[in-house]
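Following: one structure in structure tokens, then a few remarks.
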Amino acid sequence: MTTTRRVLTVLATAGLAISVFGAGSASAATKGKIYISNNCGKAVSTTIHRTDGSMIAGTGAAPAGSYFGYPVNPGTYQVRVPAGNRNVQILDLGGKAHSAIVKAC
């Protein structure tokens, strides 16, 4: 089982409501990304916060059908969307860029 597949299995077992994927080769300076998919049918507020609560990205009115992405360093973040707060962990996959997608609704 590959490392990526192992990570996906662990995340699926944990019941996280996110999609996670590796996005090809990356240099040490490459960051992962957190994407927020607004599938709500209306404009909604979406934000990304550090574990200390400070907001690092977001919008007060992401349009319906939008796909908002933000580059982040490996670590744990909280994504606040209408569906509820989601804790997202961006992993260092040994030279692979890592991203997570969170559905807003």
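What does the charge add up to near Ile90, with Lys and Arg as +1, Asp and Glu as -1, over the other residues with Cβ less than 13 Å from its Cβ?
Neighbour charge sum, excluding Ile90 itself: +4.
Taking the alpha-carbon set of segment 46-105, what are its Rg and Dmax in Å?
11.7, 36
Taking K and R as +1 and D and E as -1, what net charge do the other residues with C-beta under 13 Å from the C-beta of Tyr77 add up to?
Every neighbour counted, the sum reads +4.
Given a 1.4 angstrom probe, what's the average accessible area per residue across segment 66-105, in square angstrom?
49
Could you tell me how far the Cα centroid of segment 58-72 sits from the Cα centroid of segment 31-56, in Å?
Using only Cα atoms to place each centre, the spacing works out to 6 Å.
Net charge near Ile36: determine it from the other residues with C-beta under 13 Å of the C-beta of Ile36, scoring Lys and Arg +1 and Asp and Glu -1.
Result for the local shell: +4.
Rank by packing, highest mean first: peptides 60-70, 89-99, with packing defined as the count of other Cβ atoms within 10 Å averaged across residues.
Highest-to-lowest ranking by the protection proxy: 89-99, 60-70.
The values are calculated or read from the model by the stated rules, or taken from the named source; none is laboratory data. Since this is a predicted model, take the numbers as computed values, not measurements. Every residue, glycine among them, receives a Cβ derived from its backbone with ideal geometry; neighbour counts consider all protein chains shown. To get the accessible areas, we keep the full protein, side chains included, count just its heavy atoms, and leave off ligands, DNA and RNA. Shrake-Rupley method; radii C 1.70, N 1.55, O 1.52, S 1.80 Å.
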